[in-house]
1. Select the strands (runs of 3 or more DSSP E) contained entirely in the range 187-235, then report the ones holding at least 1 residues which are free of Cβ contacts under 8 Å to residues at least 40 places away in the same chain.
2. With respect to Thr47, determine if the residue is within 15 Å of the ligand (Cβ to nearest atom), β-branched (Val, Ile, Thr), assigned to a strand (DSSP E or B) and on the phi < 0 side of the Ramachandran plot.
3. From the list Gly91, Gly112, which one is within 16 Å of the ligand (Cβ to nearest atom), assigned to a loop (DSSP other than H, G, I, E, B) and within 23 Å of Leu181 (Cβ to Cβ)?
4. Out of (1) touching a helix residue (DSSP H, G or I) at 6+ places or on another chain (Cβ under 8 Å); (2) closer than 20 Å to Asn194 by Cβ, what's the single condition that is false for Leu27?
5. Would the range 62-83 turn up any residue that is within 24 Å of Gly211 (Cα to Cα), basic (Lys, Arg) and either within 16 Å of the ligand (Cβ to nearest atom) or not in a strand (DSSP E or B) (or both)?
6. Which members of the range 127-173 meet the condition of being surrounded by 20 or more Cβ atoms within 10 Å (Cβ to Cβ), of a type in the set (Asp, Glu) and either outside any helix (DSSP H, G or I) or within 16 Å of the ligand (Cβ to nearest atom) (or both)?
7. Among the residues of the range 1-24, what is the count of those that are within 15 Å of Val65 (Cα to Cα) and not charged (D, E, K, R)?
8. Which of the residues belonging to the range 89-106 are surrounded by 15 or more Cβ atoms within 10 Å (Cβ to Cβ) and in contact with a strand residue (DSSP E or B) (Cβ under 7 Å, 6 or more places away or on another chain)?
Amino acid sequence: VETERPLKVRGLQAWYGESHVLHGVDLDVARGEVVTLLGRNGAGKTTILKSIMGVMAKRKGSVLVNGYETIGLPSRLIARIGIGYVPEERGIYASLTVDENLMLPPRLKAGGLSREQVLDLFPNIRERLTSQGTKLSGGEQQMLAIGRILRTGADLLLLDEPTEGLAPVIIEQIGRIITRLKQQGFTIVLVEQNFHFAATVADRHYVIEQGKVIDMISNTHVEANIPKLQAYLGV
Ligand code: ATP
C-alpha cells in the first residue's frame, strides 16, 4: 500500500537563491530500511535531506512522507507527519542542560518515545542529564540529537553524517543504535562519508553526483562494487 511507504521522492529539484543544486532526485525507502546517500563533497546529499525536511526556501517535485505530499507544506507541519532530521552540526543548545535539550521538542505524533525509553536506548545520556549540552562528547551529542527526535514521534529519521569526527569505538556504538532502531521498525536515511560504516548498517546505497542519483547499490552486492564506489567517491 502506497501510504505504508515512509518515503517516496520524485523529480526533486532545489535551489539556493539562483543556484540550482538538485536536478531531479528519485528515492524510494521502505519501512524499516536503512539507506545511505553517498557522494563527494558538494554532490548535494545534505541538500536532499534539507529538501525532504522542507527547510529549503525553493524546492520542486514530489516528496511523499508516510503517504502525504509535503511539497508546499511548511517544515513545522512536515515534522508532524513523522519525520525527524539531525543536521550535521547536531543542534544541541549550549545554554541548556542535556535533560532540557532532550525535553525541548514537543511530542508531535503518537508513538513518540518517552524520556525513559530514550534513556534506556542511550544509557550514556542518562549519566549526563544535568551537564550542559556542549559538555558532551561528539558521540554523546549525536546520541542526544537522535534521542530528541525519537521523542517527537518521528519514524523516518534523516541523519546527516552521524559518525563525523567520532572515534571508531563511538562509531561502533552509533552503528549498534541504528541497527536497533531498524529492528524496531524505524526507517533511516543517512548521509555518510564513512563508506565502511555505511556498509555495516545500510540495506542500500544511493550514489549522488551533481544533484542527481547516478547509481543505487544493494548492500548485498557491495563487496563486488567497491572499485566502482571508490571511483564515484574519488577515494
Ligand atoms: P558535503 O558533504 O560537503 O556537505 P553534500 O553532498 O552534502 O556535500 P551539499 O551541502 O548538499 O553537498 O551542497 C550541494 C551544492 O550546494 C554544493 O555545490 C554547495 O556548494 C551548494 N550549497 C550548499 N549550501 C549552500 C548554501 N547555503 N548556499 C549556497 N550554496 C550552497
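Just so it is clear, none of the values below were taken in a lab; they were calculated from the coordinates. Quantities reported herein were computed from a predicted structural model and do not represent experimental measurements. Neighbour counts run over all protein chains shown; Cβ positions are idealised from the backbone, glycine included.
1. Values: elements: 187-191, 204-209, 212-218.
Correct list: 212-218.
2. Values: within 15 Å of the ligand (Cβ to nearest atom): yes; β-branched (Val, Ile, Thr): yes; assigned to a strand (DSSP E or B): no; on the phi < 0 side of the Ramachandran plot: yes.
No.
3. Values: Gly112 fails: within 16 Å of the ligand (Cβ to nearest atom).
Residue meeting the stated conditions: Gly91.
4. It is condition (2) that Leu27 fails.
5. No, the conditions are met nowhere in the range 62-83.
6. Asp155, Asp160, Glu161
7. We begin by selecting, within the range 1-24, every residue within 15 Å of Val65 (Cα to Cα); these are 1-12.
If we keep only those that are not charged (D, E, K, R) too, we end up with 1, 3, 6-7, 9, 11-12.
Going through the range 1-24 one residue at a time, the tally reaches 7.
8. Thr97
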